[in-house]
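Have a look at the structure below before the remarks.
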Amino acid sequence: MSKFLKRSNYKFGPETPIEDPISGVANLFDISVVFIVCLIIALFTAYNLGDFLNPKSEFTLVKRTPSGERVIITKKGIEIKARKVTKKLIEGEGVKLGTAYQLKNGKIIYVPEK
């Protein structure tokens, strides 16, 4: 027990190195950067957005803005397009591509024509 209570012969003097009091701030900065990177990875995982980083993936995402407008985000390869959905009516000629059905649980199923 006496070896723990012994005083060291270390004396403070002009040759004693003084620790920088701001050196702890650099550690806090490093920790915050690691936290931000972990948060970004967690958000990509939670929202299944890993396809954004894959250059060969194709998907479509529908987003609703706070004002109620809808935006359709389409990604094909490395090209990403965002289009706003409006209530404006248009006219023209075209070909029927298929039929969409809404189920009782709210899901919409698209059946293409053969």
Task: T65 of a type in the set (S, T, Y) and in contact with an Asp or Glu (Cβ under 8 Å, 6 or more places away or on another chain) - done: no
Open item on the list: Please count how many residues of region 15-49 are more than 30 Å from T60 (Cα to Cα), of a type in the set (A, V, I, L, M, F, W, C) and modelled with pLDDT under 85.
Closed with: 4
Open item on the list: Looking at region 72-110 only, could you name the residues that are in a loop (DSSP other than H, G, I, E, B) and among the polar types (S, T, N, Q)?
Closed with: T86, N105
- [ ] Scan region 84-96 and report the pairs whose first residue is closer than 21 Å to L61 by Cα and whose second residue is modelled with pLDDT of 85 or more and not aliphatic (A, V, I, L, M), with Cβ atoms within less than 9 Å and a gap of 6+ or a chain change.
- [x] K84/T65; K84/E69; K84/R70; V85/E69; V85/R70; T86/E69
Open item on the list: Let me spell it out: the conditions are (1) modelled with pLDDT under 85; (2) assigned to a loop (DSSP other than H, G, I, E, B), and P66 meets all of them except one. Which number is the exception?
Closed with: (1)
Task: Meets criteria (touching a Lys or Arg at 6+ places or on another chain (Cβ under 9 Å), of a type in the set (A, V, I, L, M, F, W, C) and modelled with pLDDT under 85) for F52 - done: yes
Task: Hits in region 32-63 - residues which are assigned to a helix (DSSP H, G or I) and of a type in the set (V, I, T) - done: V33, V34, I36, V37, I40, I41, T45
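The values are calculated or read from the model by the stated rules, or taken from the named source; none is laboratory data. Computed from a prediction, not measured in an experiment: that's the story for all the values here. For neighbour counting, all protein chains shown are included, and Cβ atoms are generated from backbone atoms with ideal geometry for every residue, glycine included.
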